[in-house]
């Protein structure tokens, strides 16, 4: 008797790196529609759909924020009590990675706000921005010039 084949495409199987990425992004409060854009299906080369994200990453979406808040809470409590956190090197590394991603997102938002204040109509191109900062004493390597 021949084996019956299923219809449609093979189901998407996420990698461990993708699982970690989804969990971290969820912990940072990034909306799921934005998370979808960062997870690529290697078979199609396209971002996964919201339905695929929900199916393939259900556990990470459900627990990402809770696990992160637990880790941070434990870390803060240990710091207050003067104890060494009961976190392994891997967990400390993950906390650092999440904090770094949050800081980068905050800086990007701050940079966009600064650009909106300086050039609210978005008329400046890359050359205009370089001139703007050089006129104020900054060189291309972000060190004050003439100091």
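A short reminder: the numbers here are calculations on the coordinates, not readings from a lab. Since the model is a prediction, treat every value here as computed from it, not as a measurement. Reconstructed Cβ throughout: ideal geometry from the backbone, glycine too, with neighbour counts over all protein chains shown.
Observations on the structure shown:
- Listed peptides 119-125, 132-138 by packing density, highest first (mean Cβ within 10 Å): 132-138, 119-125
- Distance in nm between pseudo-label sites at residue 66 and residue 124 (7 Å out along the Cβ direction from Cα): 4.6
- Computed FRET value (nearest 0.05) for residue 108 with residue 9, which takes r as the C-beta separation and R₀ as 41 Å: 0.75
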